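Undergrad: Take a look at this one; I'll ask things after.
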Amino acid sequence: MLHHTRGRSRSGWARAALVATTLTISFAIPASATHSVPHDPEVFWDNDVDGIAEASDSIVRYQKGGGGWTTAKTNRVTEAFATWNNNTDFNPSLVASSVNVIYIDGSPAVACGWQDWSEPPPGTIAVNCVKYTIRGSYYQITNSKIYLNEVQYSFSWATGTPASGLFDGRGIVTHETGHSVLLVDLYGAGNCPPGPTMCGLVGKPESYNLRSLTADDISAANSVYLP
C-alpha cells in the first residue's frame, strides 16, 4: 500500500482489479471514497505534466490497444466513458492516439507487472494500472492502462443486457474507468453488490448494473477529483 506523505514527491504505479469470485484482494490505490466519504488527498490528471491542476486536465484521452476491436466494442467503451463525462468533473474520451490505453482483447496487464493472466489474483475480470506522483497534498496522475481479461472470461458488447454466462463489457469498463481517478473497490457495504459502480465484487448478472453511476459514485469522484 502506498501512503500519502506531505511535502514529498514520490512516483509509482497503482493497480485495481475487479474480481468475479468471493475473494477479497488488496491493491495499491491510495485515494477514494466509501459511501461518498472522500479520503485525503485530492487527485488530478496532469495532461501537460506541469504539476498544476487546470481545467484542461479534466479531459483524459484513451486510445484503443491490442486487437479485436469492433464497432460494438468501440460504441460500448465510448458510452462507458460518457457515463463519467456526463455525471462528474472527470471527462474521459476515446481518441486515435494517447499515452493512455484500453485493451479489450485479453492482452496481458504488463503495466501492472503481469506477463499473463495467470499472475493476477484468481477471479480477476479486469484491471486498471495507474501511474501517479505524490506532490504535496495532491496525487498527480499521468498515465492509465485498462485491461479486460478476455483470456479467462467472456464479455457481451450488446446494447442491452448480456446473454447468460457473459459479463457486460460496458459495465466492466465503466467500473475500471472509476479507478482512473483513484476510486477504490467497495466490498460488502452500501448494497454492494449490485450497488455502486465501484463494487469490487461482481457476478455476471450484476455486471450490467455497473453501467449506471449511483449518487455514491458521483459524489466520490467529484469529492476527490480536481479541477
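Undergrad: With label points built 7 Å along Cα→Cβ from the Cα atoms of residue 115 and residue 93, find their separation and express it in nm.
TA: So the label points at residue 115 and residue 93 sit 3.9 nm apart.
Undergrad: On to the next question. Give the cross-link partners of residue 64 among the lysines, using a straight C-alpha distance below 20 Å as the criterion and excluding same-chain residues fewer than 8 apart.
TA: Once the sequence-local lysines are set aside, what remains near residue 64 is 73, 131, 145.
Undergrad: Among the aspartates and glutamates, select those whose C-alpha is under 20 Å from the C-alpha of residue 204, and discard any that sit fewer than 8 residues away in the same chain.
TA: Straight-line reach from residue 204, under 20 Å: 79, 105, 150, 168, 176, 185.
Undergrad: Sticking to Cα atoms, compute the Rg of the range 114-227 to one decimal and its Dmax as the biggest Cα-Cα distance, whole number, in Å.
TA: Rg and Dmax of the range 114-227, Cα atoms, are 14.7, 48 Å.
Undergrad: Continuing with this model, one more query. Using the count of nearby Cβ atoms within 10 Å as a rough guide to exposure, how do 84, 69, 117 rank from fewest to most? Each step should come with its number before you reach the end.
TA: Values: 84 25, 69 15, 117 18.
Placing the least packed residue first, the sequence is 69, 117, 84.
Undergrad: Further, regarding this structure: Send over the per residue convex hull volume for the range 134-194, Cα only, as a whole number of Å³.
TA: It is 136 Å³ per residue.
Undergrad: Neighbouring Cβ atoms within 10 Å as the yardstick, rank 93, 107 fewest first.
TA: Going from least to most buried by this count: 93, 107.
Undergrad: Which order do the peptides 153-160, 196-203, 167-174 take when ranked by the mean count of other beta-carbon atoms within 10 Å per residue, highest first?
TA: Packing proxy ranking, top to bottom: 167-174, 196-203, 153-160.
Undergrad: Continuing with the same structure: Measuring from label point to label point, each 7 Å out along Cα→Cβ, what is the residue 137 to residue 56 span in nm?
TA: With each label placed 7 Å out from Cα toward Cβ, I get 2.5 nm.
Undergrad: When a footprinting reagent is the concern and you count Cβ atoms within 10 Å, what order do 71, 142 take, fewest first? Before the final figure, lay out the partial values.
TA: Values: 71 8, 142 16.
The fewest-first ordering by Cβ neighbours comes to 71, 142.
Computed from the coordinates by the stated procedures, all read-outs in this text should not be read as laboratory data. Keep in mind that what you see is a predicted model, and the values were worked out from it rather than measured. Cβ: placed from backbone, ideal geometry, glycine included. Neighbour counts: every protein chain shown.
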